[in-house]
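Colleague: Sharing a structure below in structure tokens format, with a few things to ask.
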Amino acid sequence: MRRRLAISSLGSFVGAAALGAWAPQARAQSAGVADDRIVLGQSAPFSGPSAQLGLQFNLGAQLHFEAVNAKGGIQGRRIELQRLDDGYEPERCVANTRQFLGQNVFALFGYVGTSTCLEALPLATEAKIPFFAPCSGAQALREPFNRYAVHVRASNFDETAAIVRQVTSVGIRKVAVFHQNDAHGKAGLEGVQRALQAQNLAPVAVGTVERNGTEVAAALKDILAARPEAIVQIGAYKACATFIRLARQQGYLGNFYNVSLVGTQALSDELGAMAKGVVVSQVMPFPYAPVMPLSGDYLAALKDQRGVAPNYSGMEGFVAARVFTEALTRAGRNLTREGFLNAVEALQSLNLGGFPVEFGPKKHTGSRFVELTLLTEDGRVRR
């Protein structure tokens, strides 16, 4: 990764503030905005078993932000994305969020994980600071409506409904659920239950794993005992890969379905040849080929980054940054947080190169796009 994409530490940011370098210039209109820059804060897992979710989202966002900065920024202001590692743990996310709020960043951007986002959103709401493009599909982040929460991706309910439609369309009726034992996993379980209930069905078995854990033996035993024809997984890639690997070793031949937040490429990398036939729902455009102009833009931005392969998490960060900068542009030079949110709500027909998003005064989820993809034994993802 080129040095220009390296993220400056928050420590240096704080140090600059202590020297007065961060003091807003005369024309600054809002906290986190100076004459020459707009500062955002991102808390996400950058270490631990879910690290690839945060790292790849961040890199994708930086691809677009750095391209914008190279052309002079937005209204002459560079976008700076500060990041702090929360390891996918809510308590650390809360501490990081308080630190960002104490530094008066303009917005919180690209938080990753349902449990972490559920803890951070009330802090953002109280501070009246935009909470933009969280990487979570939880309905609890969308309902009731919150002016300060802006979602780019489709919801868990959208994803699980698509999975259940696919499963039942081929005659499968015995469906089990393996989920992370936290808000993310429970939201996914609820989505599967709702979609099955609409067809007078229910999960034949449910098993859980703790967040950031891989102890799946008990869940595996309970689920396989019910002889499901398909297993829907709601969790991060380490635990889901462990479950799949052990199930295959015990002779399970049924289908596995995952929602997008699993981390598609990370799951494929973990499984190797055992990835064959695993289905993952996606809420972003296909990132591996220029199937639409937006995919081509992402690949073009990525081509000079050595050692960084295209993936869905990176695409999600890239798309989030595109939407964010579009709203910044429309908000104008006299930038405020409220003005930015007004500009988001005015994005009522935005086509990002084949990927439409639409917001409104009471509509803060821009997309409901979902498609299913298939992992292959040679590490590829097929549409």
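Each reported figure results from applying straightforward, stated rules to the coordinates on display, with no laboratory input. All values derive from a computational prediction rather than experimental measurement. Ideal geometry is used to build each Cβ from the backbone, glycine not excepted, and the neighbour counts take in all protein chains shown.
Colleague: Kindly provide the pair-distance distribution of the chain built from C-alpha pairs, with 20 Å bins from 0 and whole-percent values in order of increasing distance.
Modeller: All Cα pairs, binned at 20 Å, distribute as 30, 57, 13, 0 percent.
Colleague: Okay, next question. Quick one: work out Rg over Rh on the C-alpha atoms of region 208-268, Rh as Kirkwood radius. Could the numbers behind the result be given before it?
Modeller: Working: Rg = 10.8 Å, Rh = 11.7 Å.
That ratio is 0.92, to two decimals.
Colleague: With r defined as the distance between the Cβ atoms of Glu210 and Lys71 and R0 fixed at 51 Å, what FRET efficiency is calculated, to the nearest 0.05? Don't jump to the answer; show the numbers that get you there.
Modeller: Working: r = 45 Å, r/R0 = 0.89.
Approximately 0.65, to the nearest 0.05.
Colleague: To continue, here is another question. With an 8 Å Cα cut-off and a minimum separation of 6 or more residues, compute the relative contact order for the chain in percent.
Modeller: Details: 790 pairs, mean separation 68.3, N = 383.
Reported relative contact order: 18 percent.
Colleague: Let me ask something else. Sticking with the crude label model, points 7 Å out along Cα→Cβ, report the distance from Ala202 to Arg383 in nm, one decimal please.
Modeller: 3.9 nm
Colleague: Roughly how many debye, to the nearest 20, is the charge dipole of the chain about its Cα centre, given +1 on each Lys and Arg Cβ, -1 on each Asp and Glu Cβ, and no other charges? Don't skip to the end; give the middle numbers.
Modeller: Working: 39 positive and 31 negative charges, 112 e Å.
Roughly 540 debye, rounded to the nearest 20.
Colleague: Using the alpha-carbon atoms, what tilt in degrees (0 to 90, nearest 10) does helix 156-169 show relative to the longest principal axis of the chain?
Modeller: With rounding to tens, the tilt is 30 degrees.
Colleague: What is region 156-282's relative contact order, in percent, from Cα pairs under 8 angstrom and six or more apart in sequence? List each step's numbers first, then the result.
Modeller: On the way: 218 pairs, mean separation 32.7, N = 127.
That works out to 26 percent.
Colleague: Alpha carbon centre of region 82-129 versus region 193-226: separation in Å?
Modeller: 30 Å
Colleague: Tilt of helix 114-127 relative to the longest C-alpha principal axis of the chain, in degrees (0 to 90, nearest 10)?
Modeller: Tilt of helix 114-127: around 30 degrees.
Colleague: As I understand it, the value is the acute angle between the Cα axis of helix 237-249 and the longest principal axis of the Cα atoms of the chain; what does it come to in degrees, rounded to 10?
Modeller: 10 degrees
Colleague: Full-extension gain between Asn334 and Asp222, please, as 0.36 nm times their residue separation minus the C-alpha to C-alpha distance. Before the final figure, lay out each step's value.
Modeller: On the way: separation 112, 0.36 × 112 = 40.32 nm, distance 5.84 nm.
Length difference between fully extended and current span is 34.5 nm.
Colleague: Can I ask one more? Of the options Thr97, Leu121, Asn342, report the single residue whose Cα projects farthest towards the positive end of the charge dipole of the chain (beta-carbon charges: Lys, Arg +1; Asp, Glu -1).
Modeller: Projecting each Cα onto the dipole axis, the largest value belongs to Asn342.
Colleague: Something else: Find which of His364, Leu267, Ala241 sits farthest along the positive direction of the dipole of the chain, computed with +1 on the beta-carbon of Lys and Arg, -1 on that of Asp and Glu, about the Cα centre.
Modeller: About the Cα centre, the residue reaching furthest to the positive side is His364.
Colleague: By counting other Cβ atoms within 10 Å of each Cβ, how are Phe369, Phe256, Phe157 ranked from fewest to most?
Modeller: Working: Phe369 15, Phe256 24, Phe157 20.
Least crowded to most crowded, the residues run Phe369, Phe157, Phe256.
Colleague: Just flag the trypsin sites (Lys or Arg not before Pro) in region 105-174 sitting in loop per DSSP whose Cβ has no more than 14 other Cβ atoms within 10 Å. Present the calculation step by step, with values, prior to reporting the outcome.
Modeller: Numbers: sites: Lys128, Arg142, Arg147, Arg153, Arg165, Arg173, Lys174; in loops: Lys128, Arg142, Arg147, Arg153, Arg173, Lys174.
In loop regions of region 105-174 (DSSP not H, G, I, E or B), the sparsely surrounded trypsin sites (Lys or Arg not before Pro) are Lys128, Arg173.
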